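Below: one structure, written as structure tokens.
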Amino acid sequence: MASGHAHTLYRHGHSPVHALPPHCKLAAVLCFVLVVVSTPREALWAFGAYALLLAAVAALARVSAGFLLKRLVIEVPFVAFALLMPFVVPGEQVTFLGLHVSEPGLWGAWNVLAKGTLGVGASVLLAATTELRDLLLGLQRLRLPPLLVQIASFMLRYGDVITDEMRRMSVARRSRGFEARGVRHWGVLAKSAGALFIRSYERGERVHLAMVSRGYTGTMPVIDEVTATRAQWAYAAALPLPALLICLLGRFG
């Protein structure tokens, strides 16, 4: 993992959040999400407190609210599912905003929306302050199985390669006057998808042979050994520990 890839979510900066080792941030976000998921859905105030914690992290990382809100669009399918729950989940009917809806469904929709939004927000902040290469190094530092780390590394590296191949194939089709305008053109697109798969497979074979010829034995060398001090771990814990206290107050308070 010697080379890095920039991604659209990453925001270059020199904030204290950016400076934290990646495995500290990964552990903090994971613990925060677990705490949020464990919070009773009836503790409405707790979710507001979690949102304030994320807002404080975003301000410290100099990530704007507009950037964060735009990236939350990824959860639209879950929002659509949640909005249907009050109408399809059986249970006692109540009036909400002039509509007769299921009370269990209403609580379920709130549960999905609140916890999903907070989880996605924490993930976006992690991606906005950590480069992909550093995320992989952090996963390796957290003792994730090396094979999974390698698979993720190859996916990140060759995702752009496959995207470029798709773009070239699209340009080639358009240069020959092809435009997909209806069902009758689906066959051409299906053949293009098949050709892309074959090209990707062949490229993967060539890459593997090139790696083996250079001494690859199933493990990737670690170029940078990422370490963290106690102070950095304590700094990273500033997100999950207050969240845990909020969760305990919401559950037993």
Out of P40, S64, L52 - ranked by how far each Cα lies towards the positive end of the dipole of segment 6-91, with unit charges on the beta-carbon of charged residues - the top one is S64
Simple SL model, points at 7 angstrom along Cα→Cβ for A238 and A210; separation in nm is 4.4
One computes Rg over Rh for the chain from alpha-carbon atoms, with the Kirkwood Rh, and obtains 1.06
Under the rule rounded for a/c under 1.5, else prolate if a/b exceeds b/c, else oblate, using alpha carbon gyration tensor axes a ≥ b ≥ c, segment 133-221 is classed as prolate
Judged on accessible area alone, 1.4 Å probe, highest first, R176, R199 line up as R176, R199
Candidates L34, L144, L132; GNM for the chain (alpha-carbon contacts under 10 Å) flags as most fluctuating L144
When every protein chain stays in place and a 1.4 Å probe is rolled, L239, L60, L9 sorted by accessible area with the largest first are L60, L9, L239
Over segment 33-165, the quotient of the Cα radius of gyration and 2.2 N^0.38 Å is 1.33
Shape descriptor, segment 1-103: equivalent ellipsoid semi-axes (Cα gyration tensor, sqrt 5λ, whole Å, largest first) stand at 35, 16, 14
Checking segment 147-253 for GluC sites (Glu not before Pro) in a loop per DSSP with at most 12 other beta-carbon atoms within 10 Å yields E179, E225
Rounded to the nearest 10 Å², the 1.4 Å probe accessible area of T95 is 100
If every Lys and Arg gets +1 and every Asp and Glu gets -1 at its Cβ, then about the Cα centre segment 124-252 yields a dipole, in debye to the nearest 20, of 580
For segment 171-248 the chymotrypsin sites (Phe, Trp or Tyr not before Pro) that pass both the DSSP coil test and the at-most-11 other-Cβ-within-10 Å test are none
Largest-first ranking of E92, E75 by accessible area, probe 1.4 Å, whole protein assembly kept, is E92, E75
About its Cα centre, segment 122-172 carries a charge dipole, from +1 on Lys and Arg Cβ atoms and -1 on Asp and Glu Cβ atoms, whose size in debye to the nearest 20 is 140
With every protein chain kept in place and a 1.4 Å probe, segment 1-110 has an accessible area per residue in Å² of 58
Taking the dipole of segment 103-183 about the Cα centre (Lys, Arg +1; Asp, Glu -1; charges at Cβ), the one of L125, V149, G138 that reaches farthest to the positive side is V149
For the chain, the percent of accessible surface on carbon and sulfur atoms (probe 1.4 angstrom, ligands and nucleic acids excluded) is 68
Under Stokes-Einstein, segment 91-138 at 20 °C and 1.002 mPa s, with its Kirkwood radius over C-alpha pairs, diffuses with a coefficient in µm²/s of 161
Computed for the chain: size of charge dipole around the Cα centre, +1 on C-beta of each Lys and Arg, -1 on C-beta of each Asp and Glu, debye to nearest 20, value 860
Ordered by number, the trypsin sites (Lys or Arg not before Pro) in segment 114-148 that occupy a DSSP loop and have at most 11 other Cβ atoms within 10 Å are R143
In nanometres, the difference between 0.36 nm per residue of separation and the alpha-carbon distance of L248 and S175 is 20.0 nm
Under a Gaussian network model of the chain whose springs join Cα atoms within less than 10 Å, the largest fluctuation of M211, M85, M220 belongs to M211
As straight-line cross-link partners of K115, the qualifying lysines (C-alpha separation under 26 Å, not fewer than 8 residues apart within one chain) are K25, K70
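The values are calculated or read from the model by the stated rules, or taken from the named source; none is laboratory data. For clarity, every value in this text was computed on a predicted model and none was experimentally measured. Note that each Cβ is placed from the backbone with ideal geometry, even for glycine, and that neighbours are counted across all protein chains shown. Just so you know, the surface numbers come from the protein's heavy atoms only, side chains and all, with ligands and any DNA or RNA stripped out. Shrake-Rupley method; radii C 1.70, N 1.55, O 1.52, S 1.80 Å.
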